[in-house]
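These notes concern the structure reproduced below.
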Amino acid sequence: MIYCVSDIHGDYRRYRELLDRLSPGAQDTLYVLGDVVDRGPDSMRVLLHMMRCSNIRPLVGNHEYMALRCLRFLTEEITEESLAALTGDRLQEVAIWRSQGGDATLESFRRLPPGARDDVLRYLGEFELYEELETAGQRYVLVHAGLGGFSPDRPLDDYTLPELIWTRTDYSAVCFPSARLTCILTGRRRT
């Protein structure tokens, strides 16, 4: 069985309730289409659980993108070089992330031992941008948000990260006649 979910946003309790309801077996796959982190208090707990499950396939969402960039920056050693590289743009990026729920992720990240922090940063950096799969004779393209600048002749590899994680899908448009574009927004499946 193949399952898709998105927008967990650090809510470990609801994440575990979902897993208990689905009860996925080792042969099943759960695709998590981004926004695992931010807003809720247990982003790291969710990520640590996901890291232990070989049948969970994460895709990057805009919240993972913001968190990874900011957490990498915030965990850098303070040196003359890092201070010289500090810009107003970088500080604004951190402020935007925090205003979008990043404080909860930052707090849960700070509670981790240093080795676990490194593991989480590495794991976040491994999230895929999209996934193509076929099941029950139907082809699916899984993304977090959509395909910005869509063209039927454009290969998926040509889409940029912002086009896949920030652009919202136009559900009235048919992207691929032979495949469904699947995004999961606020817990509702859209195809």
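Below, the figures for the structure above:
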read-out: Qualifying residue in the stretch 121-131 (condition: in contact (Cβ under 8 Å) with a residue 60 or more places away in the chain, touching a Lys or Arg at 6+ places or on another chain (Cβ under 8 Å) and acidic (Asp, Glu)); value: yes
read-out: Residue in the stretch 131-138 that is under 24 Å from residue 43 (Cβ atoms) and assigned to a loop (DSSP other than H, G, I, E, B) present; value: no
read-out: Test for residue 111: is it among the basic types (Lys, Arg) and touching a helix residue (DSSP H, G or I) at 6+ places or on another chain (Cβ under 8 Å); value: yes
read-out: Candidates 90, 111 - the one that is farther than 22 Å from residue 59 by Cα, under 22 Å from the mean Cα position of the chain (by Cα) and surrounded by fewer than 13 Cβ atoms within 10 Å (Cβ to Cβ); value: 111
read-out: Residue check for residue 54: hydroxyl-bearing (Ser, Thr, Tyr), within 30 Å of residue 136 (Cα to Cα) and either over 13 Å from the mean Cα position of the chain (by Cα) or surrounded by fewer than 21 Cβ atoms within 10 Å (Cβ to Cβ) (or both); value: yes
read-out: Residue ID - farthest from residue 8 (Cα to Cα), chosen from residues in the stretch 40-88 that are touching a residue at least 40 places away in the same chain (Cβ under 8 Å) and among the basic types (Lys, Arg); value: 72
read-out: Qualifying residues in the stretch 57-84 (those that are surrounded by 15 or more Cβ atoms within 10 Å (Cβ to Cβ) and of a type in the set (Gly, Ala, Ser)) - the one nearest to residue 96 (Cα to Cα); value: 67
read-out: Residue in the stretch 54-75 that is in contact with a Ser or Thr (Cβ under 8 Å, 6 or more places away or on another chain), within 29 Å of residue 1 (Cα to Cα) and of a type in the set (Lys, Arg) present; value: yes
read-out: Residue within the stretch 17-35 that is surrounded by 13 or more Cβ atoms within 10 Å (Cβ to Cβ), farther than 27 Å from residue 147 by Cα and hydroxyl-bearing (Ser, Thr, Tyr) present; value: no
read-out: Residue list for the stretch 119-158, restricted to those being of a type in the set (Gly, Ala, Ser) and either farther than 22 Å from residue 64 by Cβ or surrounded by 14 or more Cβ atoms within 10 Å (Cβ to Cβ) (or both); value: 136, 137, 145, 146, 148, 151
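Each reported figure results from applying straightforward, stated rules to the coordinates on display, with no laboratory input. All values reported here derive from a predicted model rather than from experimental measurement. All Cβ positions, even for glycine, are placed from backbone atoms using ideal geometry, and neighbour counts span all protein chains on display.
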